[in-house]
Amino acid sequence: MSLRQDIAVVVTLTAVALGGCADAPGSAGTHAGEEGHEGGGQARVTTLLTEPLGAAPGLEARVLTVELPPGSSSPAHRHPGQIFAYVLEGTVLTGLDGQPPVRYTQGQTWSEAPGQLHSVSRNESATAPAKLLVFFVTEPGKPVVEPAP
């Protein structure tokens, strides 16, 4: 299997193991650039795991959860590493590179290339939160989000 296939398997197994559990251990924080503006809420990002990738020196893997309050969205942004996202709860709209947004529901996945423009990021529901499991591969010390110019 390729490194990308290995990562996809890890994301899927992690999602199954967590089962959407909100009580998973980790450090919580809100990252700049992930603030909601339409719904007034902020995305809450929790780091569950950070590990160096032995098969890819100079890179690390981070497993994160992203909790999106009802109606929240974030401004256009980029991620400095590869993103693999899995919807644990709710429905999100994701638009990449200015393309029409795609609707993702519980159990669905997508990926983003390093530096790809994430032009739309929104919890579609005005009443229910959404929660994502994200597997992020990047250089150590890089932020999760960078604002788009």
Would you point out the residue of the range 105-122, among those that are touching an Asp or Glu at 6+ places or on another chain (Cβ under 9 Å) and surrounded by 15 or more Cβ atoms within 10 Å (Cβ to Cβ), that is nearest to LEU68 (Cα to Cα)?
ARG122
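Looking at the range 123-142, which of its residues are surrounded by 14 or more Cβ atoms within 10 Å (Cβ to Cβ), in contact with a Pro (Cβ under 7 Å, 6 or more places away or on another chain) and not β-branched (Val, Ile, Thr)?
From the range 123-142, those surrounded by 14 or more Cβ atoms within 10 Å (Cβ to Cβ) are 123-125, 128-138, 142; that's our starting set.
Within this subset, residues satisfying the condition of being in contact with a Pro (Cβ under 7 Å, 6 or more places away or on another chain) are 123, 125, 128-129, 138, 142.
Result: ASN123, SER125, ALA128, PRO129, LYS142.
Considering only the range 1-112, give the strands (runs of 3 or more DSSP E) lying wholly within it that have at least 1 residues that are at pLDDT 95 or above.
Of the strands (runs of 3 or more DSSP E) lying wholly inside the range 1-112, those with at least 1 residues that are at pLDDT 95 or above span 44-52, 60-68, 82-89, 91-96, 102-105, 109-112.
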Select from the range 117-133 the residues that are part of a loop (DSSP other than H, G, I, E, B) and β-branched (Val, Ile, Thr) and list them in ascending order.
THR127
Just one of (1) in a strand (DSSP E or B); (2) touching a Phe, Trp or Tyr at 6+ places or on another chain (Cβ under 7 Å); (3) under 22 Å from GLU51 (Cα atoms) trips up PHE136, so point out which.
(2)
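The values are calculated or read from the model by the stated rules, or taken from the named source; none is laboratory data. Please read these numbers as outputs of a predicted model, since none were measured by experiment. Methodologically, a virtual Cβ is constructed for each residue, glycine included, from the backbone with ideal geometry; neighbour enumeration extends over all protein chains shown.
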